[in-house]
Amino acid sequence: MNTRFLGLLYAFILIAAPARAAEIPDGIESNCERGEFGENKYVDLKLALVEEWFDIREGGDLPVAAVGLEFNEPKAGSQPEKVETAFMVMDAEFNQISPILGGGVRSSGTVVFKWDAKDREGRLVKDGAYRVLMNIKGERYGDLLMGAIFPLNVVSEPPTVSKPTISSRKAVLEYGGAPELVFTSSGFGLAQIIDTDEEGNEVSRWEGPMPPGKHTLQSDLMGMDDNPMRPGRYTTTIVIRNTLGESDEVEFDYELAAPPPLKVAVKLNAPASLKVKDDDTVPFAVTLNQPAYVELHHVADNGKTDFIGESVDGRPSVLYPKGTHEFVWRRIDTEEFEYYETGVHWIQAIVRTLAGDEETVESNRVTLAPAPKPQAPKPPPKPPAKQQPKRGIPNLKLSFEPEHVVIGGGRMVVKIRYSFDQDSIIKMTIHDKRGKVVRKFIDSKYEHFKKGSYWKELDVEDYDYGAYKVVFEAINFHGTRTATGHFSVGWR
């Protein structure tokens, strides 16, 4: 959460409505997602919980939040502690929905706070996934629970599924080849989407929250063992459940066919004999007849082989869609940091499809020779020293594909592209809406990475809905430069 919101919360704690004591119903268990239990001189926090499912048909009769406190005997001459409690309901984007609720507590025991399922304007909230923020603070001796967040699912009816359609009963085993499943659901719930083969064996499963509305889903055709599904007939079953019941099962049958034979072409866009200057680059292209993983190498007739486009996470293959993809060979010897200027050179591509077919293809060969040096006026100058790259604080570029990831839209991955024009130590961190670091994505520590353009996939399947900030930092001997960008996770 941001600083401005914390200030608002503290301001409301002192005027929050007093809580009413009540019994905790059976079956409610502590389900705190985040938040730290603190220590207080005179009171211990024994319990902090929120009921995970809230049935608004009951008009708010069920408790939403409970706090269990145990007060210790104060020392002689000391006043007993007072605990100020506060909680509020937020939506999936951490926007405040309910008023601030809670109050002061001076005695041991469990206190239950109630919410009437209405927003600050007094309107009944819609079904969906919410969050409860709870703060519990000693009057004089510190925090007991600071900023703990609990899940809360609000429902008013059992879910239903209607208008199911499938885009095609035949699919191809390649990325983006699966049929689109379209249906409409009513009532918020947790969905299970399961693929089974002809023998009834479960090969794939996805589980997650499903709000009311129209949904379009597409499988990534990867099994539970992280291997591609095999060609054959499959059934996709969809069911949505909440505390009030479950929807009828919806089944889609389709046939998964093997992809066409892989065809790959690699071409250096240069004549057979090419004269180059130090800073010249040589373009080349890779053409695919289907989506596939591609691993690229530069090969020279002297036996030297260099990897092209190495990813920071160490995975050499990069997934490219069907079509022609343009690349540039920069001719840099990665060990000595010198330019290739002579000899015969070509590009080798190792290509692997989703179905597991693999093929190694080589481009045309190009003979490199240094470009003639310009004639200098007399007296002739000394031979120029070998040109070194310009040094300075690195310039950075950062972009995302896509900038918004759709829950239930297939493989939930953000491709982060980044580049820097000087050898640098690089770091990249992912921050949530409140500025908290949720992942240290890249950290080369004390190793300088070669300047260039890179990309890396970020799996956001377990991320909460909302906006995320990416902070990219490059450091060299001349200084530090930082670039930031944003992507988001949510529904269509």
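Overview of values
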item	result
Residues (at positive phi and in contact (Cβ under 8 Å) with a residue 60 or more places away in the chain) located in the stretch 437-452	Gly452
Candidate set from the stretch 55-65 (those that are in a loop (DSSP other than H, G, I, E, B) and more than 32 Å from the chain's Cα centre (by Cα)); member that is modelled with the highest pLDDT	Pro63
The stretch 132-159: number of residues that are acidic (Asp, Glu) and within 29 Å of Ile238 (Cβ to Cβ)	1
Selection from the stretch 344-363 of residues that are surrounded by fewer than 16 Cβ atoms within 10 Å (Cβ to Cβ) and either of a type in the set (Lys, Arg) or over 21 Å from Ala292 (Cβ atoms) (or both)	Val344
Residues that are surrounded by 14 or more Cβ atoms within 10 Å (Cβ to Cβ), in a loop (DSSP other than H, G, I, E, B) and free of Cβ contacts under 8 Å to residues at least 40 places away in the same chain, drawn from the stretch 231-268	none
Residue in the stretch 206-218 that is among the polar types (S, T, N, Q), farther than 14 Å from Pro158 by Cα and in contact (Cβ under 8 Å) with a residue 60 or more places away in the chain present	yes
Options Pro164, Pro158, Pro209: the member that is in a loop (DSSP other than H, G, I, E, B) and not hydrophobic (A, V, I, L, M, F, W, C)	Pro158
The stretch 26-54, subset at pLDDT 75 or above and of a type in the set (Phe, Trp, Tyr), residue surrounded by the most Cβ atoms within 10 Å (Cβ to Cβ)	Phe54
Whichever residue in the stretch 70-106 is basic (Lys, Arg) and in contact (Cβ under 8 Å) with a residue 12 or more places away in the chain and, among such residues, is surrounded by the most Cβ atoms within 10 Å (Cβ to Cβ)	Lys82
Matching residues, the stretch 269-292, being surrounded by 14 or more Cβ atoms within 10 Å (Cβ to Cβ) and under 19 Å from Gly343 (Cβ atoms)	Asn269, Ala270, Leu274, Val276, Asp278, Asp280, Val282, Phe284
Residue list for the stretch 217-229, filter: assigned to a loop (DSSP other than H, G, I, E, B) and surrounded by 15 or more Cβ atoms within 10 Å (Cβ to Cβ)	Ser219, Asp220, Leu221, Gly223, Met229
Conditions (1) at pLDDT 80 or above; (2) touching a strand residue (DSSP E or B) at 6+ places or on another chain (Cβ under 6 Å); (3) of a type outside the set (Gly, Ala, Ser); number of the one not met by Asn289	(2)
Search result, residues across the stretch 222-237 that are at pLDDT 85 or above and either touching a Leu at 6+ places or on another chain (Cβ under 7 Å) or among the small types (Gly, Ala, Ser) (or both)	Pro231, Gly232, Tyr234, Thr236
Answer residue from the stretch 410-451, given it is among the small types (Gly, Ala, Ser) and buried (at least 16 other Cβ atoms within 10 Å of the Cβ) and is nearest to Val182 (Cα to Cα) among those	Gly410
Conditions (1) in a strand (DSSP E or B); (2) over 30 Å from Leu354 (Cβ atoms); number of the one not met by Arg140	(1)
Lone unmet requirement of (1) surrounded by 14 or more Cβ atoms within 10 Å (Cβ to Cβ); (2) under 30 Å from Gly128 (Cα atoms) for Asp462	(1)
Failed item, numbered, when Leu396 is tested on (1) within 14 Å of the chain's Cα centre (by Cα); (2) surrounded by 16 or more Cβ atoms within 10 Å (Cβ to Cβ)	(1)
Some residue of the stretch 464-476 being part of a loop (DSSP other than H, G, I, E, B) and under 14 Å from the mean Cα position of the chain (by Cα)	yes
Test: residue in the stretch 280-303 that is in a strand (DSSP E or B), in contact with an Asp or Glu (Cβ under 7 Å, 6 or more places away or on another chain) and hydrophobic (A, V, I, L, M, F, W, C)	yes
Given (1) more than 13 Å from Val64 (Cβ to Cβ); (2) within 38 Å of the chain's Cα centre (by Cα), number of the condition Lys118 does not satisfy	(1)
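Each row is one residue, and each column tells you yes or no for (1) touching a strand residue (DSSP E or B) at 6+ places or on another chain (Cβ under 8 Å); (2) over 12 Å from Ala474 (Cα atoms); (3) of a type in the set (Lys, Arg).
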{"residue": "Val413", "(1), (2), (3)": "yes, yes, no"}
{"residue": "Gln422", "(1), (2), (3)": "yes, no, no"}
{"residue": "Ile426", "(1), (2), (3)": "yes, no, no"}
{"residue": "Lys445", "(1), (2), (3)": "yes, no, yes"}
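The values are calculated or read from the model by the stated rules, or taken from the named source; none is laboratory data. A quick note: this is a predicted structure, and the numbers were derived from the prediction, not measured. FYI the Cβ positions are ideal-geometry reconstructions off the backbone, even for glycines, and counts take in every protein chain you see.
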